[in-house]
Amino acid sequence: MDFGFSEQQRDVQNLARQILSENVSAEKLSQYDDYKAERFDRELWQKLAEAGLLGVAVSEEYGGMGFGFFELGLLVEEAGRTIAPLPLVSHLISAALPIQQFGSTAQKQQWLPGVASGELMLTAALCETYNDDPAQPYLTTASADGDGLLLNGEKTNVPFAHIANRILLAARTNDGIAVVLLDPKAAGVSLTAQQVTSYEPQYVLHLDNVRIGAGDILATGSDGSAAMQWVAERSTVALCAHQLGASDKAMRMSASYTAERKQFGVLISTFQAVGHRAANCFIDVECLRLNTYQAISRLDGGLDATNEVQIAKIWAGDVGHRVSYAAQHLHGGTGIDRDYPLWRYCTWLRHNEMALGSSAKTLAKLGKRIAAGEAFCS
């Protein structure tokens, strides 16, 4: 059995790597540090659109390539490798994929062509204060209002909310979960900017009797609960793919540095302790790769992947933490020098570690499911 990538997967990966590596540099990334400029490269966004990569998983009838979730995961991994200033996860995975999966024909026709062309911006509000489970909203509620809904509550850490055409979010109702597409310019919506260590533009989303028309409702009741679980798993695995790319890059930066840095007249890469530390990083990254690809593959095939998603997220958090720490250690003082690019990777590794549930929280969830006989890990 061939476990390698298909030709189309290799093509997507190579094209993404070429475009991102050629257009993202430490010098370009430095312009976004300390919020000196909005962390969004519109020119690069358009290049990805022209190459067809923004529509890699969008159906061909809506202007996309018609590939699957695995190809999209490879694109996100390459974005993590360069920590590109682009909202790929929130736009393509947390928002566009659910529209393609659960939306009506009218909703697909309205949004998906613009997603593939890069003309429209979508995002998703997945977190609430003290609640990072997208499938279980507590602070955001929805009540019936004719054929629509009235939303009240608050979401936090919503990326690119200020320029989004629609924000996918879930709200608690009397009979389950409502999944809607919110117009951020609608009456009753207000945004408060947040500052985060990655410098990604994020906002607190305040909702005060915001009316959602029937045309912007994706799912309700038990269907809404299932839809948000679907969204949560794919968004979580996308973070793991981004973490994989960033971890792999930080590891390789450290290997290159130790192969050039001399101490006592010899390369420090020849020191046994340094070699062991770097080898442990390599093992960690490859284990994360295996777990992430396994989860992506099962989701891509439409199989149950709750166990694999949770395991991948645990590994993503732990590996990102260990690789970040080891990379800083192997670089010495250079690692924390803000003129050197490693520190940016460390902030993103920490961001991905904590987003949508830390390793400890996810491990506790998996443990409870195993104890209850709901999870069997072979």
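The values are calculated or read from the model by the stated rules, or taken from the named source; none is laboratory data. Just so you know, these numbers come straight off a predicted model, no measurement behind them. Reconstructed Cβ throughout: ideal geometry from the backbone, glycine too, with neighbour counts over all protein chains shown. Accessible surface is based on the protein model in full, side chains and every heavy atom, while ligands, DNA and RNA are left aside. Shrake-Rupley method; radii C 1.70, N 1.55, O 1.52, S 1.80 Å.
Screening Leu86 against (1) open to solvent by 10 Å² or more (accessible area, probe 1.4 Å); (2) outside any loop (DSSP other than H, G, I, E, B); (3) within 21 Å of Asn352 (Cβ to Cβ) leaves a single unmet condition, (2).
In the set (1) touching a residue at least 40 places away in the same chain (Cβ under 8 Å); (2) under 29 Å from Thr258 (Cα atoms); (3) open to solvent by less than 70 Å² (accessible area, probe 1.4 Å), the condition left unmet by Arg350 is number (3).
Filter the stretch 314-323 down to residues that are of a type in the set (A, V, I, L, M) and buried (at least 24 other Cβ atoms within 10 Å of the Cβ) and give me whichever is farthest from Met253 (Cα to Cα).
For the stretch 314-323, the residue satisfying everything is Ala316.
Of the residues making up the stretch 42-64, those that are outside any helix (DSSP H, G or I) and buried (at least 21 other Cβ atoms within 10 Å of the Cβ) are Val56, Ala57, Val58, Gly64.
A quick yes/no check of all residues on (1) within 22 Å of the chain's Cα centre (by Cα); (2) under 18 Å from Ile99 (Cα atoms); (3) at pLDDT 95 or above:
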| site | (1), (2), (3) |
| --- | --- |
| Cys127 | yes, no, yes |
| Thr141 | no, no, yes |
| Asp147 | no, no, no |
| Asn152 | no, no, yes |
| Ala161 | yes, yes, yes |
| Asn165 | yes, yes, yes |
| Arg172 | no, no, yes |
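Just to be sure before I move on: is Ala161 within 18 Å of Glu233 (Cα to Cα), open to solvent by less than 40 Å² (accessible area, probe 1.4 Å) and among the hydrophobic types (A, V, I, L, M, F, W, C) in the structure I sent? Here the answer is no, as Ala161 does not meet what is asked.
The residues listed here are Pro98, Pro113; of these, the one that is open to solvent by 10 Å² or more (accessible area, probe 1.4 Å) and in a helix (DSSP H, G or I) is Pro113.
Residue check: Ala79 meets all listed conditions (1) outside any loop (DSSP other than H, G, I, E, B); (2) of a type in the set (A, V, I, L, M, F, W, C); (3) under 27 Å from Glu22 (Cβ atoms); (4) open to solvent by 10 Å² or more (accessible area, probe 1.4 Å) but one, namely (4).
Scan the stretch 293-306 and give yes if some residue there is charged (D, E, K, R), assigned to a loop (DSSP other than H, G, I, E, B) and more than 21 Å from Ser235 (Cα to Cα), otherwise no. No, the stretch 293-306 contains no residue that is charged (D, E, K, R), assigned to a loop (DSSP other than H, G, I, E, B) and more than 21 Å from Ser235 (Cα to Cα).
Each row is one residue, and each column tells you yes or no for (1) hydroxyl-bearing (Ser, Thr, Tyr); (2) in contact with a Gly (Cβ under 8 Å, 6 or more places away or on another chain); (3) open to solvent by 40 Å² or more (accessible area, probe 1.4 Å); (4) assigned to a helix (DSSP H, G or I).
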residue	(1), (2), (3), (4)
Ala312	no, no, no, yes
Tyr325	yes, no, yes, yes
Gln328	no, yes, yes, yes
Asp339	no, no, yes, no
Ile370	no, no, yes, yes
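Please indicate, with yes or no, whether at least one residue in the stretch 30-39 is buried (at least 16 other Cβ atoms within 10 Å of the Cβ) and of a type in the set (A, V, I, L, M, F, W, C). No.
Remark: pairs (first residue in the stretch 151-163, closer than 18 Å to Ile212 by Cα and in a strand (DSSP E or B); second residue of a type in the set (Lys, Arg) and open to solvent by 20 Å² or more (accessible area, probe 1.4 Å); Cβ separation under 9 Å; 6+ apart in sequence or on different chains) = Leu151/Arg211; Gly153/Arg172.
Does Thr173 satisfy the condition of being of a type in the set (Ser, Thr, Tyr) and more than 27 Å from Tyr293 (Cα to Cα)? Here the answer is yes, as Thr173 does meet what is asked.
Confirm whether Gly73 is touching a strand residue (DSSP E or B) at 6+ places or on another chain (Cβ under 7 Å) and crowded, with 18+ Cβ neighbours inside 10 Å. In short, no. The number of residues in the stretch 231-269 that are open to solvent by less than 70 Å² (accessible area, probe 1.4 Å) and not in a helix (DSSP H, G or I) comes to 5. Taking the listed residues Ala186, Ala142, Ala171, the one that is assigned to a strand (DSSP E or B), more than 23 Å from Gln310 (Cα to Cα) and without any contact (Cβ under 8 Å) to a residue 40 or more places away in the chain is Ala171, with no other qualifying. Just a yes or no: is a residue in the stretch 270-291 open to solvent by less than 50 Å² (accessible area, probe 1.4 Å), free of Cβ contacts under 8 Å to residues at least 24 places away in the same chain, assigned to a helix (DSSP H, G or I) and among the small types (Gly, Ala, Ser)? Yes - at least one qualifying residue is present in the stretch 270-291.
If the condition is being free of Cβ contacts under 8 Å to residues at least 40 places away in the same chain and charged (D, E, K, R), then the stretch 232-255 contributes only Arg252. Just one of the numbered conditions (1) open to solvent by less than 30 Å² (accessible area, probe 1.4 Å); (2) part of a helix (DSSP H, G or I); (3) not basic (Lys, Arg) is not true of Leu207: (2).
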